[in-house]
Amino acid sequence: MKQKVLMITHNYPRHPGDHWGKFIQDLCKGLDKHVLIEVLAPKKIFFIQRMSRSKALWLSLKFIWEIMHYSDAYPATNPLDHVEYIRKDNPYPAIINAHWWLPSGVGAYLLSRKIGVPYIITAHGTEINIAAKKWWLKPLARFILTKAQKVICVSKSMEDSVSEIAPKAKTAICSMPYDDDLFYVGDELKGDPITNGFTRIIAVGSLVENKGFEYLIQAMAGTKWLLDIYGEGDYEWYLKNLASILKDRVRFNGAKRPVDLAPRLRISHIFVSPSLTEGFGMAIIEAMACGVPVIATDTGGSMEIITHGINGSIVKKKNIEQLHNEIAELAGNKYRYDFYRKHGLITAEHYTKEAIAKRYVKILGYHNLKGLDHDRQD
């Protein structure tokens with residue numbers, strides 16, 4: 001019998017088409033061929049970094065309390081109105097996989113003590129950055145990360161960040177998958193930017209300062225390029241004001257579901273990621289999978305995906321002139337454009353659900369879980 005893995009996450013799709021935490025759902029789909037997957041998530045998502053400290057603390061403590069009652073809820077109908085249980089055959093997991101150390105990792109540690117199974121944490125970035133900046137959170141983060149059987153980091157730069165907080169944590173690197181059922185090369189008619197005489201640029205991400213969209217907008221000056229930005233966030237008002245001098249050449253389209261974003265990628269000529277920091281570049285992989293050449297800044301996650309001159313271009317962050325010149329060069333060089341497109345597709349093959357699931361399984365040693373003691377400890 002396949003062993004069960006309990007996934008705990010405060011960010012997970014709540015209905016068909018919901019895009020929040022979809023990469024975790026894609027991971028679960030890939031892993032489902034190898035292990036039984038059960039997901040524990042709040043029915044309403046919450047973003048710790050966008051909330052007041054008091055509200056974030058309250059929602060985190062509430063979710064942690066509900067995680068602690070996971071074992072009490074089986075096999076009866078879920079008695080809680082906040083948490084969704086997705087159950088399969090056997091009641092208790094062989095291992096607990098918490099995504100983000102806070103709040104899921106704290107809950108995983110407590111549940112691990114309660115039912116007697118090990119836990120691992122997948123570090124995505126946001127919660128690690130918060131812990132690094134908040135002195136009062138760092139000791140708790142160090143404790144939870146160190147006690148974990150393994151800490152899976154989505155990139156090498158993320159592993160370095162984890163090691164700075166918890167030097168004794170046992171780490172491994174494995175990125176999240178993209179949805180290869182949605183992001184692929186289609187038959188949409190877009191032509192290449194050289195033949196068409198204009199360049200359609202696309203950028204995707206939260207409209208926050210560290211995504212660097214202001215530098216991309218400034219790089220548009222003096223051109224006829226069209227920029228489509230997909231995302232939402234507190235920085236939108238500033239970016240729209242900055243882009244006002246470019247009139248209708250910069251369009252803010254809001255956040256889109258993956259099923260709606262994929263066809264918009266396929267009709268774009270160049271994808272640009274101007275981030276100042278990047279734990280991993282999922283949007284970069286999705287663009288490559290759609291056959292869109294990529295230009296990104298020299299941040300950790302992006303540089304682990306892109307080899308400059310092979311499957312994309314790397315420019316210095318905040319360097320408006322270099323970014324402008326790189327876009328112009330790529331849009332005007334058909335050989336380079338096609339070369340990036342070809343090698344980007346090859347890169348994307350390494351991040352499909354099945355490819356990532358095989359790496360995830362190998363890192364965690366799920367195939368060796370039969371020897372674990374799954375009995376509940378009272």
Suppose R0 equals 51 Å. What FRET efficiency, 1/(1 + (r/R0)^6) with r the Cβ-Cβ distance, do Ser163 and Lys247 give to the nearest 0.05?
0.60
If you rank Ser60, Ser244 by fewest surrounding Cβ atoms within 10 Å, what's the result?
Ser244, Ser60
Can you tell me, using C-alpha contacts under 8 Å and at least 6 residues apart, the relative contact order of segment 193-351 as a whole percent?
24 percent
With charges set only on the Cβ (+1 for Lys and Arg, -1 for Asp and Glu), what does the dipole of the chain come to about its Cα centre, in debye to the nearest 20?
580 debye
What is the set of long-range amide H partners of Glu278 at a cut-off below 5 Å, with H atoms built 1.01 Å from backbone N?
Gly300, Gly301
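When the chain is fully extended, how far beyond the present Cα-Cα distance does Glu232 get from Ile173, taking 0.36 nm per residue of separation? Can you show the working numbers first?
Values: separation 59, 0.36 × 59 = 21.24 nm, distance 2.91 nm.
Roughly 18.3 nm would be gained on extension.
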As a test of understanding, state the convex hull volume per residue of the chain from its alpha carbons, in Å³.
137 Å³
In degrees from 0 to 90, rounded to the nearest 10, what is the angle of the helix 106-115 Cα long axis to the longest principal axis of the chain?
30 degrees
If one computes the Cα centroid of segment 214-277 and of segment 127-183, what distance in Å separates the two points?
30 Å
Percent antiparallel among DSSP beta bridges with both residues in the chain, to the nearest 5?
10 percent
What per residue convex hull volume, in Å³, comes out for segment 90-209 when only alpha-carbon positions are used?
164 Å³
FRET efficiency (Lys156, Lys318; Cβ distance; R0 22 Å; to 0.05) is 0.50
Which value in nm describes the separation of the simple spin-label points at Trp20 and Leu57, placed 7 Å from the Cα toward the beta carbon?
2.2 nm
Euclidean distance between Cα centres, segment 303-330 to segment 1-72, Å
35 Å
For Leu36, distant residues with modelled amide H under 5 Å away:
Gln3, Lys4, Val5
Two-decimal Rg/Rh of segment 272-329 from alpha-carbon positions, Kirkwood Rh?
0.92
Cα-based helix-to-principal-axis angle, 53-68 vs the chain, degrees rounded to 10
50 degrees
Taking the Cβ-Cβ separation of Ile310 and Lys358 as r and a Förster radius of 22 Å, what is the calculated FRET efficiency to the nearest 0.05?
0.35
Angle check, please: helix 353-364 long axis (alpha carbons) against the longest principal axis of the chain (alpha carbons), in degrees 0 to 90, nearest 10.
40 degrees
For segment 193-351, alpha-carbon Rg relative to the globular expectation (2.2 N^0.38 Å, N residues)
0.93
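Ignoring everything except DSSP H segments at least 4 long, calculate the 222 nm mean residue ellipticity for the chain; use -39,500 (n - 2.57) per segment, divide by total residues, nearest 500.
For the chain, the value works out to -11000 deg cm²/dmol.
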What trypsin sites (Lys or Arg not before Pro) in segment 86-171 are in a loop by DSSP, with at most 10 other Cβ atoms within 10 Å of the Cβ?
Lys168
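Computed from the coordinates by the stated procedures, all read-outs in this text should not be read as laboratory data. Here the structure is a predicted model, which is why all the values come from computation and not from measurement. Note that each Cβ is placed from the backbone with ideal geometry, even for glycine, and that neighbours are counted across all protein chains shown.
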